[in-house]
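A.B. asks: The structure under discussion is supplied below as structure tokens; questions concerning it will follow.
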Amino acid sequence: MFILGKCRVRWEDFVESIVFSQENFAIDIYDLKDLLQSKYGIITSVYKLMESTKNTSMYYDSISEKIYADYDTYYEEI
């Protein structure tokens, strides 16, 4: 959990906001890991990013190694 000003932000919500900000509502998991480190100074594991998709609208595909905003976005791409 993060605190932005006086608002608490869950890790999952933060990751989800980044995924939704992408042009095609999807991002390669390694690109996301690099983005978090370069833009926000956050060092995290690929495993933690995969786990952050659980119990959210996001969908992780292990074959393409991408996180999608939701399953419908994933389905449209395949």
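A.B. asks: State which residue pairs qualify: first residue in contact (Cβ under 8 Å) with a residue 40 or more places away in the chain and inside the range 14-27, second residue part of a strand (DSSP E or B) and surrounded by 15 or more Cβ atoms within 10 Å (Cβ to Cβ) in any location, beta carbons under 6 Å apart, and separation of 6 or more residues or different chains.
C.D. replies: Qualifying pairs under 6 Å: Val19/Ile27; Val19/Ile67; Ala26/Lys66; Ala26/Tyr68; Ile27/Ile67.
A.B. asks: Still on this model: Output the residues belonging to the range 42-78 that are among the polar types (S, T, N, Q), in a loop (DSSP other than H, G, I, E, B) and touching a strand residue (DSSP E or B) at 6+ places or on another chain (Cβ under 7 Å).
C.D. replies: Hit for the range 42-78 is Thr53, nothing else.
A.B. asks: Among (1) β-branched (Val, Ile, Thr); (2) under 13 Å from the mean Cα position of the chain (by Cα); (3) surrounded by fewer than 12 Cβ atoms within 10 Å (Cβ to Cβ), where does Ile63 come up short?
C.D. replies: Failing condition for Ile63: (2).
A.B. asks: In the range 1-33, what count of residues is obtained for those that are modelled with pLDDT of 90 or more and either exposed (fewer than 13 other Cβ atoms within 10 Å of the Cβ) or in a loop (DSSP other than H, G, I, E, B) (or both)?
C.D. replies: Of the residues in the range 1-33, 7 are modelled with pLDDT of 90 or more and either exposed (fewer than 13 other Cβ atoms within 10 Å of the Cβ) or in a loop (DSSP other than H, G, I, E, B) (or both).
A.B. asks: Restricting attention to the range 34-60, and to residues there that are closer than 26 Å to Glu76 by Cβ and of a type in the set (A, V, I, L, M), which single residue is surrounded by the most Cβ atoms within 10 Å (Cβ to Cβ)?
C.D. replies: Met58
The values are calculated or read from the model by the stated rules, or taken from the named source; none is laboratory data. Quick caveat: nothing in here was measured; it's all calculated off a predicted structure. Neighbour counts are summed over all protein chains in view; Cβ atoms, including those assigned to glycine, are modelled from backbone coordinates with ideal geometry.
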